[in-house]
Structure formats: C-alpha cells, structure tokens
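Asker: Here you go, one structure.
The values are calculated or read from the model by the stated rules, or taken from the named source; none is laboratory data. Since the model is a prediction, treat every value here as computed from it, not as a measurement. Note: ideal-geometry Cβ built from the backbone for every residue, glycine included; neighbour counts use all protein chains shown.
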Amino acid sequence: MANLTQWNPFKTLARFDPSSTFDELVRGLRPAWRDFEFSPGMRIDVSEDDNGYTVKAEIPGVEKNDIDVSIERNQVSISAEVKRNSSRKENEKELYAERYVGRVYRSFSLPSDLDDTKALARYDNGVLTLTLPKKTAGGGTKRIAVS
C-alpha cells in the first residue's frame, strides 16, 4: 500500500517561532501573524490485525463529551470541539495566544467494512483510541459513545 502524506500549506506557519531572531526582521508583520487563524491537524495512528483496526488520534485539550465519532461501512469520521477557558484576573491582559480554539475534524477510509455494533471508543490523556472490528456484511451509519 502506498504511503499518503496530508499536505497542509500553513504547516510552516504553525512552526513559526516568534521568539527567534528572524522575528526581529519581520516585526512590522506581527499584527498580520496575530490575526491569522489556522486549524491544527489531528494526528492518527492506524494498526490492523486479523480481527480489526485500532486507531489512535491525538486530540489534546478537549472533553470526551465534545468528541464525535461516526462510522459508515469503512468510513470513519472524528470531530471535536476545542475550547479554551478565558477567565482572567482583573487588570490582566492577554499578550499572545497561540492555542487553537474551534472544531477539528478528520475522516478516513479503511480497507474493510467495519462492524459498528462492536466498535469501542476510549479517550484518555488527550488520545482517542478506537477499536474497530472488521465486518463481513454491509451496514448503515452508527455513532459510538466515547468513554
């Protein structure tokens, strides 16, 4: 199977280090960088055995109730709402904020149809682990609960 790489044209912007010496050269551009928003990629690992697939997705900083997983035949979709607590002390102002706030989404296909009735999802320490058994016959769409 060929390896596919997900291309993100803004990936270099995500790695931009504002404390570098290069920052001094583009100091006039700082307001443009501050207003620029980008969605971080959801990184996944997929492994397979004779019975099914195991998917591990990094989704740090979300509550398990804010994660949605759906399965339709061999298509898996994961979405999550990333929130940030914005409570500040009196006379405190935010100087710089890089953490992403919004919705992240990832959808992918697996080589075999999945048995959505036996699928399991567990979220622990920022990693969502899906256990997805293979199915021998077709089925519909089903949402699974994250525990």
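Asker: Do you know which of the residues in the stretch 99-147 that are surrounded by 15 or more Cβ atoms within 10 Å (Cβ to Cβ) and of a type in the set (Gly, Ala, Ser) is nearest to VAL55 (Cα to Cα)?
Answerer: ALA121
Asker: Taking the residues in the stretch 99-141 that are among the polar types (S, T, N, Q) and modelled with pLDDT under 90 as candidates, determine which candidate is farthest from LYS83 (Cα to Cα). Show your work before the answer.
Answerer: Applying the first criterion (among the polar types (S, T, N, Q)) to the stretch 99-141 yields 107, 109, 112, 117, 125, 129, 131, 136, 141.
This time we only want the ones that are modelled with pLDDT under 90, so: 136, 141.
Details: THR136: 39, THR141: 27 Å.
Checked the stretch 99-141; the qualifying residue farthest from LYS83 (Cα to Cα) is THR136.
Asker: For the subset of the stretch 51-90 comprising residues that are aliphatic (A, V, I, L, M) and within 11 Å of the chain's Cα centre (by Cα), which member is nearest to THR131 (Cα to Cα)?
Answerer: Residues of the stretch 51-90 aliphatic (A, V, I, L, M): 55, 57, 59, 62, 67, 69, 71, 76, 78, 80, 82.
Retained after the next criterion (residues that are within 11 Å of the chain's Cα centre (by Cα)): 57, 59, 62, 67, 78, 80, 82.
Working: ALA57: 12, ILE59: 16, VAL62: 20, ILE67: 16, ILE78: 13, ALA80: 18, VAL82: 23 Å.
The qualifying residue nearest to THR131 (Cα to Cα) is ALA57.
Let's see how each residue does on (1) aliphatic (A, V, I, L, M); (2) closer than 22 Å to LYS64 by Cα:
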position	(1), (2)
SER87	no, yes
GLU92	no, no
SER107	no, yes
ALA119	yes, yes
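Asker: Sticking with this structure for a sec: Go through (1) surrounded by 14 or more Cβ atoms within 10 Å (Cβ to Cβ); (2) touching a helix residue (DSSP H, G or I) at 6+ places or on another chain (Cβ under 9 Å) one by one and return the number of the condition SER77 breaks.
Answerer: (2)
Asker: Ok, one more. Do we find that ASP49 is at pLDDT 90 or above, touching a Ser or Thr at 6+ places or on another chain (Cβ under 9 Å) and either basic (Lys, Arg) or closer than 24 Å to ARG122 by Cβ (or both) in this structure?
Answerer: Values: at pLDDT 90 or above: yes; touching a Ser or Thr at 6+ places or on another chain (Cβ under 9 Å): no; either basic (Lys, Arg) or closer than 24 Å to ARG122 by Cβ (or both): yes.
Against the criterion (at pLDDT 90 or above, touching a Ser or Thr at 6+ places or on another chain (Cβ under 9 Å) and either basic (Lys, Arg) or closer than 24 Å to ARG122 by Cβ (or both)), ASP49 does not qualify.
Asker: Also: The conditions are (1) modelled with pLDDT of 90 or more; (2) in contact with a Pro (Cβ under 9 Å, 6 or more places away or on another chain); (3) exposed (fewer than 10 other Cβ atoms within 10 Å of the Cβ), and TYR96 fails exactly one of them. Which is it?
Answerer: (1)
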